[in-house]
Amino acid sequence: MDSSVRASPDASAEPAPYTRGNESSLMAALKTLLFFTILMVTLPIGLYFTSKTYVFEGSMKMSSSDSYFYAAIVAVLAVHVVLALFVYVAWNEGPPKGKGKYD
């Protein structure tokens, strides 16, 4: 009378398919995240002080208060560029589409 399908006893011990592939993709994702985290911290700060000192105050002979303003704009633009690059890389990092059969 019992017509339900029974799972084999060792089926629960069997690892999920693509486990090793998931581990390597997880490591790749963490490396990507770490790279962009470091870039997000260092690039805007570095560009802020570099552009303030060498570009705006050094080359353009701006006052200190004007150079603060324009250097902050450069730093904000750098943040936006890093975020856009992260989104682009994350979008294209997913599993390959159309290769193989996924059930």
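The values are calculated or read from the model by the stated rules, or taken from the named source; none is laboratory data. The model shown is predicted, which means the values in this text are computed figures rather than measured ones. So basically every Cβ, Gly included, is an ideal-geometry build from the backbone, and we count neighbours across all protein chains shown.
Go over the candidates 89, 5 one by one and state the one that is over 29 Å from the mean Cα position of the chain (by Cα) and modelled with pLDDT under 95. It is 5.
Per-residue answers, yes or no, for (1) modelled with pLDDT under 95; (2) acidic (Asp, Glu):
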| residue | (1), (2) |
| --- | --- |
| 19 | yes, no |
| 32 | yes, no |
| 36 | no, no |
| 59 | yes, no |
| 83 | no, no |
| 93 | yes, yes |
| 96 | yes, no |
| 99 | yes, no |
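When the test is whether a residue is in a loop (DSSP other than H, G, I, E, B), modelled with pLDDT under 95 and more than 27 Å from the chain's Cα centre (by Cα), residue 66 does not pass it.
Cβ separations smaller than 9 Å between residues 6+ apart or across chains give the following pairs from region 21-41 residues that are under 22 Å from residue 79 (Cα atoms) to residues that are loosely packed, with under 12 Cβ neighbours inside 10 Å: 29/93; 32/93.
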